[in-house]
1. So which residues in the stretch 114-134 are over 15 Å from ALA162 (Cβ atoms) and in contact with a Cys (Cβ under 8 Å, 6 or more places away or on another chain), if there are any at all?
2. Restricting to the stretch 140-161, what's the tally of residues that are farther than 18 Å from VAL249 by Cα and surrounded by fewer than 22 Cβ atoms within 10 Å (Cβ to Cβ)?
3. Condition test on SER92, is it in a helix (DSSP H, G or I), assigned by the TED database to the domain that holds LYS134 and polar (S, T, N, Q)?
4. Need the failing condition index for SER46 against (1) out of contact with any helix residue (DSSP H, G or I) (no Cβ under 9 Å at 6 or more places or on another chain); (2) modelled with pLDDT under 95; (3) not aliphatic (A, V, I, L, M), just the number.
5. If you take the residues of the stretch 28-43 that are of a type in the set (A, V, I, L, M, F, W, C) and under 15 Å from LYS151 (Cβ atoms), which of them is modelled with the lowest pLDDT?
6. Note down all Cβ pairs under 7 Å where the first residue falls in the stretch 205-223 and is more than 21 Å from PHE174 (Cβ to Cβ), the second is exposed (fewer than 15 other Cβ atoms within 10 Å of the Cβ), and they're at least six residues apart or on different chains.
7. Would you check if ASN177 is over 25 Å from PHE143 (Cα atoms) and either among the aliphatic types (A, V, I, L, M) or modelled with pLDDT of 95 or more (or both)?
8. Those residues that are open to solvent by 30 Å² or more (accessible area, probe 1.4 Å) and at pLDDT below 95, I need them from the stretch 224-253; list them, please.
Amino acid sequence: MAVAWSEKASSMEALSLSPPMSPPVILTQDELKKIAAYKAVEFVESGMVLGLGTGSTAKHAVDRIGELLRQGRLTNIIGIPTSKKTQEQAISLGIPLSDLDSHPTIDLAIDGADEVDPHLNLVKGRGGSLLREKMVEGACKKFVCIVDESKLVKYLGGSGLAMPVEVVPFCWKFTANKLQNLFRDSGCFAKLRNDCKGEPFVTDNGNYIVDLYLKKDIGDLQVASDAILRIAGVVEHGMFLDMATTVIVAGELGITIKNK
């Protein structure tokens, strides 16, 4: 019995001395965004003309590009910013800048998205920069979109959050009503975006944004896109169709890369 007890005691002592299991690491949404952004920057090579996106996810990518330039690991980079905010960020990081007039073809653009559907169509513009983003990203050879897994949807508008449309300020209510009626069968509600002071949000281009809230799928996206753009007063919409060549998704289980 003594031997048996001794063996049992030794076993219990060994168990008590073994290190406790580490709790699972839970990453914040911003940490996931940073992981995706850093992965996207791995596509950047020296000598490239880069489209620099706007928003909380793209900000991490621009920061990383600036860091690699300072370290000398990237050289001869030219950035084309998609907003005044990104322009200011890039200047503070020492990233040389230009524009589409001087560089009509861009090697690579990196930007975030508000929604990504299974076909890699995107909703962008909840940060208010959709027009310049679409101009820059439409001119690039490769567009890498970076998101965390919360941005994945079954269909565009499926998050229940805003699908932005940039409109001219002149008679914006008239334009908003046209947009709402266009998607009436999808339960659309059109609302003017306001800033933190309760005044109409003004884009970098001096326009307003009407946010569309949808309860159902709007169907054929290309048909919807064409119908929106035919409305006088609409400047551009936030659906980026067949534009992303790669989508990098950061989630709790790691990085997923989806290619066209």
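The values are calculated or read from the model by the stated rules, or taken from the named source; none is laboratory data. Just so we're clear, the structure is a prediction, and the values are computed from it rather than from any experiment. Backbone-built Cβ (ideal geometry, glycine too); neighbour counts: all protein chains shown. Please note that ligands, DNA and RNA were not included when accessible areas were found on the heavy atoms of the full protein model with its side chains. Shrake-Rupley method; radii C 1.70, N 1.55, O 1.52, S 1.80 Å.
1. Residues satisfying the conditions are VAL116, LEU120.
2. If we filter the stretch 140-161 for residues that are farther than 18 Å from VAL249 by Cα, which is where we start, we get 140-141, 157, 160-161.
Filter once more, so that each one left must be surrounded by fewer than 22 Cβ atoms within 10 Å (Cβ to Cβ): 140-141, 160-161.
Counting residues in the stretch 140-161 that are farther than 18 Å from VAL249 by Cα and surrounded by fewer than 22 Cβ atoms within 10 Å (Cβ to Cβ) gives 4.
3. For SER92, the condition - in a helix (DSSP H, G or I), assigned by the TED database to the domain that holds LYS134 and polar (S, T, N, Q) - is met.
4. Checking SER46 against (1) out of contact with any helix residue (DSSP H, G or I) (no Cβ under 9 Å at 6 or more places or on another chain); (2) modelled with pLDDT under 95; (3) not aliphatic (A, V, I, L, M), the one that fails is (2).
5. Keep residues of the stretch 28-43 that are of a type in the set (A, V, I, L, M, F, W, C), which gives 32, 35-37, 40-41, 43.
Narrowing the set further to residues that are under 15 Å from LYS151 (Cβ atoms) leaves 32, 35-37, 40.
On the way: LEU32: 90, ILE35: 93, ALA36: 94, ALA37: 96, ALA40: 97.
Residue satisfying both the conditions and the ranking: LEU32.
6. Filtered contacts from the stretch 205-223: LYS215/GLY187; LYS216/GLY187.
7. Working: over 25 Å from PHE143 (Cα atoms): yes; either among the aliphatic types (A, V, I, L, M) or modelled with pLDDT of 95 or more (or both): yes.
Criteria met by ASN177.
8. Matches in the stretch 224-253: GLU252, LEU253.
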